[in-house]
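For reference, the structure is listed below as structure tokens.
The values are calculated or read from the model by the stated rules, or taken from the named source; none is laboratory data. Everything numeric here is computed off the predicted structure, so don't read it as measured data. Neighbour counts are summed over all protein chains in view; Cβ atoms, including those assigned to glycine, are modelled from backbone coordinates with ideal geometry. In case anyone asks, the SASA skips ligands and DNA or RNA and just uses the protein heavy atoms, side chains included. Shrake-Rupley method; radii C 1.70, N 1.55, O 1.52, S 1.80 Å.
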Amino acid sequence: MEEQPRTRRVGILGYGQLGQFLVSQLLSRGPSVGLSLAFVWARRWEALEALPPALRLRELSDLPGTGVDLVVEVAHPCVTQEHGEDILGHADLMLGSPTVLADAVTEGRLRAAAARGGHTLYVPRGALWGCEDIARMDSAGTLQCPRLSHHRRRGHRRRRARPLADRHQHPPQPRRARPRHRQRHPPQLLEQRAGLHGTRRLRQALLRRNGGKKKNPRGTTWGRLGDILGTIWGQ
């Protein structure tokens with residue numbers, strides 16, 4: 001008689017959109033592929049009200065009694081940072097927040113805990129999309145900084161991308177901030193200046209109408225207006 005494969009029990013840490021999707025897939029399609037849902041844990045206990053009480057895990061300290069084989073973290077990097085070592089002492093751990101490995105100390109602790117407990121620390125490829133391509137480009141020396149191009153007038157030089165090694169040897173110098181001098185004026189003064197500016201433009205138009213002469217002939221409409229404006233400006 002052929003032995004049936006053992007069903008692996010999976011626990012979910014986090015019940016956001018991704019956590020809810022994993023739970024629904026494990027409940028609907030898990031038994032057909034040899035997986036079963038062991039528990040669901042969330043930082044907010046009230047978020048688990050829609051689940052059956054048997055699937056809710058209130059405290060992570062109760063994890064050893066669940067018989068879980070694989071724990072999938074889709075909550076927050078701090079959850080793995082605080083409880084990852086304890087989880088690896090009892091089950092395998094899959095990181096949905098691989099940014100926790102950016103801390104070298106945390107990565108060392110997780111590796112050591114996995115070796116002690118005889119379990120595996122998984123990092124899904126989907127959570128680090130493009131990381132292998134970036135590593136290959138870095139090894140080949142073809143990894144460059146992104147180039148940003150703008151539409152410029154003719155005569156302007158376009159900055160080209162340089163290899164990362166050159167940028168580390170010659171880092172860009174910070175730009176000096178330009179001081180901003182702002183002079184505030186009361187509304188009455190602004191209105192007065194706007195009125196005088198309009199008067200200047202009117203007088204210039206009258207001079208152009210009179211052939212560009214400052215002295216306008218008396219007795220005409222343009223001459224009388226020019227005399228008035230000349231009196232205002234002292235001319």
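Side notes on the structure shown:
- Surface accessible to a 1.4 Å probe, ILE87 within the full protein complex, Å²: 10 Å²
- Each other residue within a Cβ distance under 12 Å of ARG109 adds +1 if Lys or Arg and -1 if Asp or Glu, for a net charge of -3.
- ³J(HN,Hα), Karplus 6.51/-1.76/1.60, whole Hz, each residue of the stretch 26-39, x for Gly, Pro: 5, 6, 8, 10, x, x, 6, 10, x, 10, 9, 7, 8, 6
- Neighbours of VAL79, meaning other residues whose beta-carbon lies under 9 angstrom from its beta-carbon, give a summed charge of -1 when Lys and Arg score +1 and Asp and Glu score -1.
- Estimated FRET transfer efficiency (ARG136, ASP103; beta-carbon r; R0 30 Å; 0.05): 0.75
- Over 17 Å [Cα-Cα, the stretch 1-124], rounded percent: 56 percent
- 5 angstrom amide H check on VAL71, placed H, neighbours 5+ away: GLY11, ASP92, LEU93, MET94
- Using the Cβ of CYS131 as centre and a radius below 13 Å, the other residues enclosed give a net charge of -1, where K and R count +1 and D and E count -1.
- Of the trypsin sites (Lys or Arg not before Pro) found in the stretch 21-99, those that fall in a DSSP loop while having at most 10 other beta-carbon atoms within 10 Å are ARG44.
- Accessible area of THR80 in the full protein assembly, 1.4 Å probe (Å², nearest 10): 10 Å²
- Note on exposure: GLU82, GLU46 ranked by accessible area (1.4 Å probe, complete protein assembly) read GLU82, GLU46, with the most exposed listed first.
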